[in-house]
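Shown next, in structure tokens, is the structure this report addresses.
Read-outs: derived from the displayed coordinates by stated rules, not from any lab. A quick note: this is a predicted structure, and the numbers were derived from the prediction, not measured. Using ideal geometry, Cβ is built from the backbone for each residue, glycine included, and neighbour counts are taken over all protein chains shown.
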Amino acid sequence: MELDAPTVIRMPDILGRELVHPLEREIIRMRFPPGMRLVEEEICRRFGVSRSPVREALQVLASRGLVERRPRRGMFVMEMTVERLDEIYACRGPLEGLASEGVARRATPELAASLQGLVDEMAGAGRDGRKEAAFDANVALTDLLHAHCGNATLQTILKDLDTQALRYRYYCYRENDDIIDIGIEANRRLVAAIAAGDGARARTVTEGLIARSWALIRDVLVARTAADATGATGSGAAGGGAA
């Protein structure tokens with residue numbers, strides 16, 4: 001599958017590490033769908049760069065579990081599978097819970113207000129049917145929690161883990177409205193626990209939210225996989241990219 005012909009993004013004299021985020025975003029937002037072959041020349045034209053930074057960026061993305069090199073075939077976007085989802089979310093639950101507990105134990109009123117603002121932003125976007133904006137607010141909330149968990153090692157682990165989880169989260173946001181409502185309700189309770197300095201409660205709420213999200217994403221992914229298997233393909237379907 002070749003890239004569409006979008007507006008070229010000019011990034012003169014860019015280094016590979018600077019190209020990582022734009023490419024990562026394209027993969028997470030399913031513009032480069034699972035299973036898609038990543039043609040260096042097409043990426044060069046799209047971003048207006050030479051092949052050297054493209055190769056460097058793809059190597060970084062491979063280390064993050066977003067792309068893979070297939071022998072004699074080139075680089076491909078990693079498939080999204082139930083098995084991989086289960087691996088990611090089995091780790092996310094306890095680690096995100098630990099992060100929320102750390103935030104609650106050192107939160108300031110200003111931080112609690114910022115977190116509440118993001119929950120309100122997410123709720124407003126959800127009411128208006130702006131799924132992408134709701135997703136962005138949720139990601140910003142997660143990032144803010146990680147930044148204030150007070151554990152540098154945990155932050156590093158969560159950064160890599162969350163990079164892989166984001167594709168699954170985005171896919172579910174796009175396919176099922178329930179995840180937005182679940183996230184709003186649980187995050188309101190999480191922010192209340194953080195504002196009260198209740199670390200144990202914050203951890204419990206977070207672990208419960210991750211478990212519910214995991215189950216919902218899993219159902220969406222299983223349904224899509226079954227539909228693909230019977231030929232009912234959809235735009236950007238998980239595992240639906242051409243080799």
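Only Cα sites of the chain enter the Debye sum here, all with the same form factor; the resulting log10 I(q)/I(0) across q = 0.17 1/Å is -1.27, listed in q order. Report, in degrees rounded to the nearest 10, the 0 to 90 angle that the Cα long axis of helix 199-229 makes with the longest principal axis of the chain. The answer is roughly 30 degrees. Full extension of the segment from Arg25 to Cys44, taken as 0.36 nm per residue of separation minus the current Cα-Cα distance, would add 5.2 nm. For the pair Arg84 and Ala200, label points projected 7 Å from Cα toward Cβ lie 3.9 nm apart.
Between Leu19, Ala112, Leu166, the Cα set farthest toward the positive side of the dipole of the chain (charges on each charged residue's Cβ, about the Cα centre) is that of Leu19. Angle of helix 131-147 to the longest C-alpha principal axis of the chain, folded into 0 to 90 degrees and rounded to 10: 60°.
Among Lys131, Lys159, a tally of other beta-carbon atoms within 10 Å of each Cβ gives an order, fewest to most, of Lys159, Lys131.
Per residue of the chain, the DSSP helices (runs of n ≥ 4 H) give a summed -39500 (n - 2.57) that works out to -23500 deg cm²/dmol at 222 nm. For Val77, Val103, Val39, the sequence from fewest to most other C-beta atoms within 10 Å is Val39, Val77, Val103. Placing a label point 7 Å from the Cα of Arg130 along the Cα-to-Cβ direction, the residues of the range 168-192 whose backbone N falls under 17 Å from that point are 174, 180-181, 184.
Model label points for Ala223 and Asp177, set 7 angstrom from Cα along the Cα-to-Cβ axis, are 1.3 nm apart. Computed from Cα atoms, the angle from the helix 16-28 axis to the main principal axis of the chain rounds to 80 degrees. Taking R0 as 22 Å, what FRET efficiency do you get between Arg105 and Ile157 from their Cβ-Cβ distance, rounded to the nearest 0.05? Efficiency, rounded to the nearest 0.05: 0.70. Taking a ≥ b ≥ c as the square roots of the eigenvalues of the Cα gyration tensor, the range 16-77 is classed as rounded, since a/c falls below 1.5.
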